[in-house]
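Asker: Once you've had a glance at the structure underneath, I'll fire off some questions.
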Amino acid sequence: MNPNSWISKTRSELGLILQDMQIEHLEKNWIYLATAMIGFMVVILSIGAVFLHLNPPSHWETIDSASLHLGGEFAEDKLGVQPSKPSDVIIQVKLVAARYGFFPREIVVPADKKIQFRMASLDVLHGAHIPMTNMSTMIVPGHISEVTTVFPKPGEYPLLCNEYCGMGHDHMWSKVTVLSQNDWDARKNEGKQP
Ligand SMILES: [Cu+2]
């Protein structure tokens with residue numbers, strides 16, 4: 001290794017510090033190992049954040065939880081999959097989480113298309129988690145949670161609450177049915193989908 005590289009310099013400096021501190025050889029090895037592990041994790045997290053876009057939800061929008069069902073975008077008749085045109089890049093789905101369920105109970109969306117979930121809680125803290133996707137977020141009362149995901153394969157996916165919200169928490173889940181693009185178009189043509 002090039003003795004002038006920053007890695008060698010850091011290593012020799014760290015070595016001198018450890019020598020001054022009279023640290024046992026074995027202990028030194030553990031310090032190197034722990035430092036390397038932290039470095040490795042930082043690299044993995046950075047790759048995930050920059051290239052795979054695995055970031056914590058950063059959406060910031062507030063709402064009055066106590067009255068959200070009375071009007072506005074989370075009124076009862078405005079929930080579920082929003083009307084879309086074939087040319088739309090994103091399909092929006094609106095959900096309300098309340099003890100103990102997600103409303104509407106069943107959602108049908110197409111595969112291979114960006115689905116943007118907008119969710120709000122009517123009561124306490126809930127979570128929304130769809131296994132095998134990047135959808136995993138808290139639904140904090142007073143805030144709107146927004147997550148965009150793509151379902152790669154048609155099939156049935158569970159939408160689970162992953163924040164303990166009370167006695168019925170275990171039963172708090174909904175079904176997301178993902179259709180192939182052809183089935184989705186057929187369903188739209190039949191007028192079953194807005
Ligand atoms: Cu829950």
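Only the coordinates and a few stated rules stand behind these numbers; no lab work does. These numbers come from a predicted model, not from an experiment. Cβ atoms come from the backbone with ideal geometry, glycine included; neighbour counts cover every protein chain shown.
Asker: Could you point to the residue in ALA186, GLN22, ILE47 farthest towards the positive end of the chain's charge dipole, with +1 and -1 charges on the Cβ of Lys/Arg and Asp/Glu respectively?
Answerer: Sorting the options by dipole projection puts first ALA186.
Asker: Same structure, new question: So for region 105-156, averaging the separation of alpha carbon pairs under 8 Å that are six or more residues apart and normalising by length, what relative contact order in percent results?
Answerer: 43
Asker: Any idea what the dipole of the chain comes to, in debye rounded to 20, about its Cα centre with Lys/Arg Cβ at +1 and Asp/Glu Cβ at -1?
Answerer: Roughly 460 debye, rounded to the nearest 20.
Asker: Select from region 123-194 those trypsin sites (Lys or Arg not before Pro) which occupy a DSSP coil region and have at most 13 other Cβ atoms within 10 Å, ordered by residue number.
Answerer: LYS192
Asker: Tell me, in nm to one decimal, what length is gained between ILE23 and ILE7 on full extension, where the rule is 0.36 nm per residue of separation less the Cα-Cα distance?
Answerer: The span from ILE23 to ILE7 would gain 3.7 nm if fully extended.
Asker: OK, next. Quick one: compute the contact order of the chain, relative version, from alpha carbon pairs under 8 angstrom and 6+ residues apart, as a percent.
Answerer: It comes to 18 percent, rounded to a whole number.
Asker: Out of CYS161, THR148, ALA36, whose Cα points farthest toward the positive end of the dipole of the chain (charges: +1 Lys, Arg; -1 Asp, Glu; placed on Cβ)?
Answerer: Result: THR148.
Asker: Separate question: Just name one of PHE117, ILE91, TRP6: the one whose Cα is farthest towards the positive end of the charge dipole of the chain (beta-carbon charges, Lys/Arg +1, Asp/Glu -1).
Answerer: Looking along the dipole axis, the top candidate is ILE91.
Asker: Among 150-163, 121-134, how do they line up by average Cβ neighbours within 10 Å per residue, starting with the highest?
Answerer: 121-134, 150-163
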